[in-house]
Structures are given as C-alpha cells and as structure tokens.
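Right, one structure below, let's go through it.
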Amino acid sequence: MTTVNQAYGTYTVLTVTNLQSLAIDTTAPYAGWQSARVSNIAVGTFAVDYEITVDLSTAATAPANDQAVYVYIVPWMSTDGGTTWLCGGNFGTTTLPTGTEGIASMSDPNSMLGPIAVPYVITSQRIQKLFKLSELCNGALPDAFSVVIRNNSGAALGTGCVVSYRAITFTNA
C-alpha cells in the first residue's frame, strides 16, 4: 500500500524589473506588468497546482481610485510539448501577451483569468496576496501561465516588489 503525500516544489521568484515603481493608471488602456511564462510541462514539473505570491511595496501615497491592485493570469497552451505556445488570453488591446517579463497595455474587459483584487487601504501599506492557480483555472491547469498586474491603488509601486510561485505535486511513499 502506498501513501500519497502533497509535495511543494522550489520557491521561485520571477523577474520583476518592469514592475518596480509601476505607476498608478486609471485610464484605459492601462499600463501594467506581465511576468515571464511559467511552464507546467517542463521536464519534471507537471504540477497539480501552484501557489502564487504577490508582495508589493508602495510609495507613501494615500489610497485613491479603486484602492486595489488587480492580479490576472494569462493561460498558455503548447502545440508541441513546450516549444510553440498559443496564448489563451489577451489584454483587450492590439498588444498581446508575450510570455516574457515586461510592460503590458491592457483594457477591461479582456480575456485573461481573474482578476483577483488586492486592496490598498492605508498609506504605505504592503500589498500582499497568496493564491492558488487552480482558483482561477476552474481546477484544470494550463500548460503554462503568466502573471499580469494592473495598479489602480492610488500609490505607485516601490522597488521592493516580489512575485513568486512554487509547484504543488503529489508523491507516493
């Protein structure tokens, strides 16, 4: 008889160069940030879920506008096991997700998964959220995903921003 145990993969911090100091944007198309694509079909991954953390520092500015940062997920599907990727969402503009870290120009509505609204209600508050990818994917994970963030909090983001993930798998003992 075997016992099935939940296992956690390596904690991985995404590159957030273009997220640092992201200004507030209240007019569509909104200036945002997109992460690099995270593959779930890379050799040895095949996770059943992912924990994703968003930890954003802010400028010393009072909350305004929506008083929130919005986190979206762009799902990706591979046609050949991880070389060619089809984007499963768009920004609602003529600019498509790229699968590489950088800026994003987006409108609402769009076809990304989410959003998850993370509140900003106190000046200089850190904006933090942990969620599972499956919460936005109705339980079935895509071949890969990218994280997208739009800032409508009232404060520019600071330079201490972290977006990270770790895979959740099952092992037999």
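Points to keep in mind about this one:
- Enumeration of residues in region 134-159 that are within 17 Å of Leu14 (Cβ to Cβ) and out of contact with any strand residue (DSSP E or B) (no Cβ under 8 Å at 6 or more places or on another chain): Thr159
- Region 40-68 - residue that is of a type in the set (Gly, Ala, Ser) and buried (at least 17 other Cβ atoms within 10 Å of the Cβ) and, of those, nearest to Thr98 (Cα to Cα): Ala47
- Residue within region 161-168 that is part of a loop (DSSP other than H, G, I, E, B), at pLDDT 95 or above and either under 20 Å from Val13 (Cα atoms) or of a type in the set (D, E, K, R) (or both) present: yes
- Counting the residues of region 12-57 that are part of a strand (DSSP E or B) and closer than 18 Å to Lys129 by Cβ gives 14.
- Conditions (1) β-branched (Val, Ile, Thr); (2) free of Cβ contacts under 8 Å to residues at least 40 places away in the same chain; (3) not in a loop (DSSP other than H, G, I, E, B): number failed by Val118: (2)
- Considering only residues in region 62-81 that are of a type outside the set (Ser, Thr, Tyr) and in a strand (DSSP E or B), the one that is farthest from Ala144 (Cα to Cα) turns out to be Ala68.
Condition check ((1) more than 19 Å from Gly32 (Cα to Cα); (2) of a type in the set (D, E, K, R)) across all residues:
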{"position": "Ala104", "(1), (2)": "no, no"}
{"position": "Asp108", "(1), (2)": "no, yes"}
{"position": "Leu113", "(1), (2)": "no, no"}
{"position": "Gln125", "(1), (2)": "yes, no"}
{"position": "Val148", "(1), (2)": "no, no"}
{"position": "Gly154", "(1), (2)": "no, no"}
{"position": "Leu157", "(1), (2)": "no, no"}
{"position": "Asn172", "(1), (2)": "yes, no"}
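- Residues in region 66-85 that are closer than 14 Å to Ile127 by Cβ and of a type in the set (S, T, N, Q): Gln67 only.
- Phe131 vs. criteria buried (at least 16 other Cβ atoms within 10 Å of the Cβ), farther than 21 Å from Ile41 by Cβ, in contact with a strand residue (DSSP E or B) (Cβ under 9 Å, 6 or more places away or on another chain) and modelled with pLDDT under 95: no
- Close pairs (8 angstrom Cβ cut-off, 6 or more residues apart or separate chains): more than 14 Å from Ala144 (Cα to Cα) in region 83-109, charged (D, E, K, R) and part of a loop (DSSP other than H, G, I, E, B) anywhere: Gly92/Asp108
The values are calculated or read from the model by the stated rules, or taken from the named source; none is laboratory data. Because the structure is predicted, anything quoted here is derived from the model rather than measured. Note: ideal-geometry Cβ built from the backbone for every residue, glycine included; neighbour counts use all protein chains shown.
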